[in-house]
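Each remark here refers to the structure printed beneath this line.
The values are calculated or read from the model by the stated rules, or taken from the named source; none is laboratory data. What you are looking at is a predicted structure, and each value in this text was computed from that prediction instead of being measured. Cβ placement follows ideal geometry from the backbone for every residue including glycine, while neighbour counts extend to all protein chains displayed.
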């Protein structure tokens, strides 16, 4: 019956029967990416992932502005921005930033991870579903195809003009860490962010499909053999959106499973 189905749904993370910044991406049909959160902090906007009925996972740099932790506005269950901005935002009661995150000059995105606690639990339904968390030994094998979603820039032009109004998604592969490292050497910037084992990169060498500004904090998700989607990465940093030979860099969520569980249990 319906009640039993509802209970099953509550305990099911990101199992989707029909899976129908994002350059070269597609519009997400309603309910296709039910873990997507839209986050507004001051003048910047980005994303997050629902991982429990009161918890949103995002990037630390989304909620730390000029060294201060900010309380964001959270929107769930919607796929286009005009609709979102007419809906009241959900209140956050706490923002937990990883205590080792320290990035005053935008060159050190190590530990770029934060948890937002909602004041009230959300009810899971078709449009709002949590992602599974990885286990600590989950591997990020080169070539695995991940799904990246967000409301980000979908044009390489003036980024203020091209924030999309629709949730988009794109499939891109995990890239071998040495290639990620080599790609940084090819960038013209003299000061480059550091690459650590708490990050991975993804994208296609020919460019074109990438996650871009405005998707910060959104998820890079992988699908396990049982069909469930899990939170593999958090959109963290990168430059020259979707250009040839450049990749996007992601926080490696598997390295933080203990931290995530500890914060959720203690708060």
Some residue of the stretch 45-52 being surrounded by fewer than 13 Cβ atoms within 10 Å (Cβ to Cβ) and at pLDDT below 95: no
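Taking the conditions exactly as written (surrounded by fewer than 21 Cβ atoms within 10 Å (Cβ to Cβ) and within 18 Å of the chain's Cα centre (by Cα)), does residue 236 satisfy them or not? Walk me through it before giving the result.
Working: surrounded by fewer than 21 Cβ atoms within 10 Å (Cβ to Cβ): no; within 18 Å of the chain's Cα centre (by Cα): yes.
Spelling it out, it is not the case that residue 236 is surrounded by fewer than 21 Cβ atoms within 10 Å (Cβ to Cβ) and within 18 Å of the chain's Cα centre (by Cα).
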Test: residue in the stretch 206-216 that is at pLDDT 80 or above and touching a helix residue (DSSP H, G or I) at 6+ places or on another chain (Cβ under 7 Å): yes
Residue count, the stretch 99-123 (criterion: surrounded by fewer than 20 Cβ atoms within 10 Å (Cβ to Cβ), under 19 Å from the mean Cα position of the chain (by Cα) and over 12 Å from residue 56 (Cα atoms)): 4
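On the basis of being farther than 18 Å from residue 41 by Cβ and modelled with pLDDT under 85, does residue 82 make the cut? Spell out the reasoning first.
Details: farther than 18 Å from residue 41 by Cβ: yes; modelled with pLDDT under 85: yes.
When the stated conditions are applied, residue 82 passes them.
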Top-ranked residue of the stretch 241-250 - restricted to ones that are over 13 Å from residue 148 (Cβ atoms) and in contact with a strand residue (DSSP E or B) (Cβ under 9 Å, 6 or more places away or on another chain), ranked as modelled with the lowest pLDDT: 243
Of residues in the stretch 127-151 being within 20 Å of residue 38 (Cα to Cα) and outside any loop (DSSP other than H, G, I, E, B), the one modelled with the lowest pLDDT: 150
